[in-house]
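We did not get these values from a lab; they are worked out from the coordinates using the rules stated. Computed from a predicted model, the values in this text were never measured in an experiment. Cβ placement follows ideal geometry from the backbone for every residue including glycine, while neighbour counts extend to all protein chains displayed.
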Amino acid sequence: MTSFSIEIEFDMRHTNVSDNAASALVDALRDIHGAVGAAPNGNLSVIVTLNATSAINASTLAADLASAAVIAVTSSPTVITGITTMTEDEADRRLADDDQDDQGQDDEGGEADGLAGIAETCDILGVSEAGLRRLTDELTPHLATTRASGPLYRVTGLLDIARRHPLPPLEQALLNVIGAKHAPSPNPDPYYQRAKAALVLDETPIGTRTLVRTSDAQVRHALAALLERGLVVPAPETNETLTGAPDLSSAVVLTARGHRHSRPLPTQSS
């Protein structure tokens, strides 16, 4: 048996498939590692990975399974307009060739165009897996391939998305303070001042945690957003949460993802 990667294109606009339907389609194809996206012409594209004795058998099985899933989820008749089938080894070889071409462009000043799985994509974008699903439409053009472990996206595309979706200023300031990334003096950013007033760094035998001591609802909402993004987590030595009474003292620490997204704030001009 050989592992094949198969892309099936349907005569259906990708934009006509709702986010809920796309998620349901991925769930329906979970056993064959389905990924849903848009073909270059904007049609619905489904990529699956499965084992078969030949490319013909792989194409037939993938087409049958994908068609059944699309019909079940969208309640619409489907017409397959194209199928691309190759072994995973061949898909890897083509991706390697593409990366070599991209590297030649990178030598002239571009960024390396590697591939990122789900965990790396979350790290680059500073979101949780739940948050990642809300970016499906923006991620789709940067889908390189799918593997048994999940989809792989091109890093340069992810960096473009990250630049379009920076953290809100208060969230970034809180992240910087928690990460002890201090703004320069004497004129730090006002968001930094607000975040610094709400947080207290506390040295413990196992490291530094940040105590949250504020009744500022906006600050606590921003901290809750950082928790949802997976950029901070409750400190292990406390069971307190950010959802209690306004004067509750909570403690948080940065995750590895949070460390990568914390950075010094610029000095404001006087």
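So the values come out like this:
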{"item": "From phi via Karplus (6.51, -1.76, 1.60), per-residue ³J(HN,Hα) for segment 209-215 in Hz, x at Gly/Pro", "result": "10, 10, 8, 9, 10, 7, 9"}
{"item": "Inter-label distance for residue 68 and residue 164, nm, one decimal - labels placed 7 Å from Cα along Cα-to-Cβ", "result": "3.6 nm"}
{"item": "Gained length - residue 134 relative to residue 256, 0.36 nm times residue gap less alpha-carbon distance", "result": "41.7 nm"}
